[in-house]
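Here, each number is a calculation from the coordinates, and none is a lab measurement. Computed from a predicted structure; not experimentally measured.
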Amino acid sequence: MAFSVALSAPERQQIQQWVASHGTPHQVALRCRIVLATVDGQSGVASPRSRKRKK
């Protein structure tokens with residue numbers, strides 16, 4: 001199933017802030033990374049894992 005996700009600039013900025021914040025719960029930050037990866041055209045399920053390995 002193909003779908004598209006679009007974020008406005010303020011929405012993207014807010015999600016990036018949540019990912020960067022040390023106070024954001026782990027599961028919320030993970031979901032934010034999935035959303036950002038999906039918007040960037042990556043597979044939502046694999047991208048957070050692949051980003052971890054690249055570091």
| note | Going residue by residue through segment 7-20, the Karplus relation 6.51 cos²θ - 1.76 cosθ + 1.60 with θ = phi - 60° gives ³J(HN,Hα) values, rounded to whole Hz and with x marking Gly or Pro, of 10, 6, 4, x, 5, 4, 4, 4, 5, 5, 5, 4, 5, 7
| Extended-chain gain in nm, criterion 0.36 nm per residue less alpha-carbon gap, Glu11 and His26 | 3.5 nm
